[in-house]
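The values are calculated or read from the model by the stated rules, or taken from the named source; none is laboratory data. Quantities reported herein were computed from a predicted structural model and do not represent experimental measurements. All Cβ positions, glycine included, derive from the backbone under ideal geometry; neighbour counts span all protein chains shown. Remember, those area values only see protein heavy atoms, side chains included, never the ligands or the DNA or RNA. Shrake-Rupley method; radii C 1.70, N 1.55, O 1.52, S 1.80 Å.
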Amino acid sequence: MITSLKFENFRNFKELAIGPLARINLITGGSNIGKTNVLEGLYLLFSKDQAQISRLVSVFRSNISGLMNQPSPDDVPTFWQSLFHDCRLDQAVKISANTD
């Protein structure tokens, strides 16, 4: 069971710690605050191979399904760039979980 989560430089989270977690947890809140980002982070953390990670584009965000390998202008981030906080590729994304 996951007892806590920590996100650093991931999507809209510069730093976010969530815990303590129980067997059942609800994620609630308004639009565009990061609920889906938490789920995507969990998906990335527990994905077993590159093929699984590549499917992230269509798992949670059907409206960006074509962005993964699509070139874009400098002012529009690609899907992979959008995983980094403020699209800052020079700051590593870190996602971790404690379990019992």
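Quick notes on this one:
- Once you divide the Cα radius of gyration of the range 1-40 by 2.2 N^0.38 Å, the number left is 1.17.
- Solvent-accessible surface of the range 5-50, averaged per residue with a 1.4 angstrom probe and all protein chains in place: 67 square angstrom.
- The simple Förster model, with R0 at 25 Å and r as the Cβ-Cβ distance, assigns R88 and L26 a FRET efficiency of 0.25.
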